[in-house]
1. What distance in nm separates the simple spin-label points at SER114 and GLU131, each placed 7 Å from Cα in the Cβ direction?
2. Using the count of nearby Cβ atoms within 10 Å as a rough guide to exposure, how do THR142, THR93 rank from fewest to most?
3. Too long at a 20 Å Cα-Cα cut-off: which of LYS104/LYS145; LYS65/LYS148; LYS36/LYS145; LYS65/LYS102; LYS65/LYS145?
4. Scaled to the compact-protein estimate 2.2 N^0.38 Å, what is the alpha-carbon radius of gyration of the stretch 56-113, rounded to two decimal places?
5. From zero outward in steps of 10 Å, how is the percent of C-alpha pairs of the stretch 114-154 spread across the bins?
6. If we restrict to alpha carbons, what Rg and Dmax does the stretch 53-149 come to, in Å?
7. Take the Cα radius of gyration of the stretch 1-123 and divide it by 2.2 N^0.38 Å, with N its residue count; two decimals is plenty.
Amino acid sequence: MSIKEYFASIFSGLWSLLQGMAVTGKELFTPKVTEKYPENRATLQIPERFRATLRFVYDEQGHHKCIVCGSCERNCPNGTISITSHMETLAETLPNGKPKTKKKLDKYLYDLGSCTFCDLCVTSCPTGAIEFSNDFEQAVFTRAKLVKQLNDRPEPEEVAKPAAKPAAEEPKPVAEAEKPNNEPKETA
């Protein structure tokens with residue numbers, strides 16, 4: 001390496017250092033903005049699109065829309081969602097005479113600690129049963145508290161559907177014993 005190249009590399013390094021210090025110096029004199037959190041909770045504006053934690057969507061009667069299809073669990077890239085369910089036999093029967101069954105949700109577990117907030121579970125849900133809230137205060141002291149059961153509300157009792165009325169009954173033929181006897185009785 002020649003002396004000319006040596007001094008050129010030194011000046012090049014100094015020029016790079018001065019450019020970096022200019023950026024740092026500019027930030028040193030800009031006014032600072034400090035959030036006064038948690039004192040400003042009442043006026044704090046959280047953007048509507050902010051994804052904080054997953055929650056179930058409930059209707060007016062307190063029923064959730066989850067049909068236990070498992071698409072959210074399958075589309076989660078890191079296994080954040082875990083669903084357990086069971087099959088329940090209903091009182092109704094199918095036209096072919098077999099009993100009608102329905103999948104019922106036992107537990108819908110969501111691990112907030114491993115969620116990447118990618119929104120794939122929400123967009124893949126066919127019924128819109130889950131959504132992200134923008135409640136950002138989720139700090140806890142143990143990781144176990146980050147696993148949440150979304151279906152924690154008790155399910156309202158199902159209202160029994162009235163049984164279908166049978167078709168109009170046709171008159172039954174009168175049995176021989178029930179027919180009026182118009183014949184004279186034999187006397188002995």
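1. Between SER114 and GLU131, the label points sit 2.7 nm apart.
2. Lowest count first: THR142, THR93.
3. Those over the limit are LYS104/LYS145; LYS36/LYS145; LYS65/LYS145.
4. That ratio works out to 1.42.
5. For the stretch 114-154, the pair-distance distribution reads 21, 50, 27, 2.
6. Considering the stretch 53-149 through its Cα atoms, Rg and Dmax are 15.8, 56 Å.
7. Rounded to two decimals, the normalised Rg is 2.15.
No value in this document is a laboratory result; all are computed from the given coordinates. What you are looking at is a predicted structure, and each value in this text was computed from that prediction instead of being measured. When we count neighbours, we look across all protein chains shown, and the Cβ atoms used for this are built from the backbone with ideal geometry, even at glycine.
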